[in-house]
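Each remark here refers to the structure printed beneath this line.
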Amino acid sequence: MENDTIALLKECNSGIKMGVNSLDDVLDKVQASDLREILKAAKKEHEKLGDETHAILLKYHEEGKDPHPVAKMMSAMKTGVKLTVQESDATVADLLTDGCDMGIKSLHRYLNQYQNAEESVVKLTGRLIESEEKLRRNLQCYL
């Protein structure tokens, strides 16, 4: 149970870091103030969940996990290229919607992979999924 719990926490922690990095990459490109507020709120929520995952990992004497360098680089390149071609709120919403979809898919895969994780960590993962789904819904009107 402990190995699955730690592995799931590390994947959540990595995904949260990726999400926060993505939000940071686009926040200064956003034109609509209401969209900017949505993204700031999502970033704050992700940071809170990241703090929770990190605190639990420390209880197990474990460190967090950084996103894979290639995934991080590819995400930054995609963001840079798309925003260079068309810097708009619709482009930002499109990029972040794709990121939410990938995050949701990955988190469900990790829940299936680490079925013996502690219930509290499974619930935390569920809250992270809900956060991604909420952001995706909030972005729909900007697509």
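Summary of values
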| item | result |
| --- | --- |
| Residues being among the polar types (S, T, N, Q) and touching a residue at least 60 places away in the same chain (Cβ under 8 Å) - total across region 8-23 | 1 |
| Residues of region 67-94 that turn out to be surrounded by 18 or more Cβ atoms within 10 Å (Cβ to Cβ) and at pLDDT below 80, as a count | 1 |
| Contacts under 6 angstrom Cβ, first residue in region 117-143 being within 17 Å of residue 42 (Cβ to Cβ), partner of a type in the set (S, T, N, Q), 6 or more apart | 136/97; 139/97 |
| Search result, residues across region 58-90 that are β-branched (Val, Ile, Thr) and without any contact (Cβ under 8 Å) to a residue 12 or more places away in the chain | 70, 81, 84, 85 |
| Output for region 70-88, where each listed residue is part of a helix (DSSP H, G or I) and either farther than 15 Å from residue 20 by Cα or of a type in the set (D, E, K, R) (or both) | 70, 72, 74, 77, 78, 80, 81, 82, 83, 84, 85 |
| Answer residue from region 95-137, given it is closer than 14 Å to residue 53 by Cα and part of a loop (DSSP other than H, G, I, E, B) and is most open to solvent (accessible area, probe 1.4 Å) among those | 118 |
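Quick grid of which residues meet (1) out of contact with any helix residue (DSSP H, G or I) (no Cβ under 8 Å at 6 or more places or on another chain); (2) assigned to a helix (DSSP H, G or I); (3) at pLDDT 95 or above; (4) open to solvent by 70 Å² or more (accessible area, probe 1.4 Å):
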{"residue": "13", "(1), (2), (3), (4)": "no, yes, yes, no"}
{"residue": "16", "(1), (2), (3), (4)": "no, yes, yes, no"}
{"residue": "23", "(1), (2), (3), (4)": "no, yes, yes, no"}
{"residue": "37", "(1), (2), (3), (4)": "yes, yes, yes, yes"}
{"residue": "41", "(1), (2), (3), (4)": "yes, yes, yes, no"}
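The values are calculated or read from the model by the stated rules, or taken from the named source; none is laboratory data. Just so it is clear, the structure is predicted and the values come from calculations on it, not from any experiment. Counting neighbours? That spans all protein chains shown, and the Cβs are built from the backbone with ideal geometry, glycine included. For the accessible areas, the whole protein counts, side chains as well, though only heavy atoms, and no ligand, DNA or RNA atoms are used. Shrake-Rupley method; radii C 1.70, N 1.55, O 1.52, S 1.80 Å.
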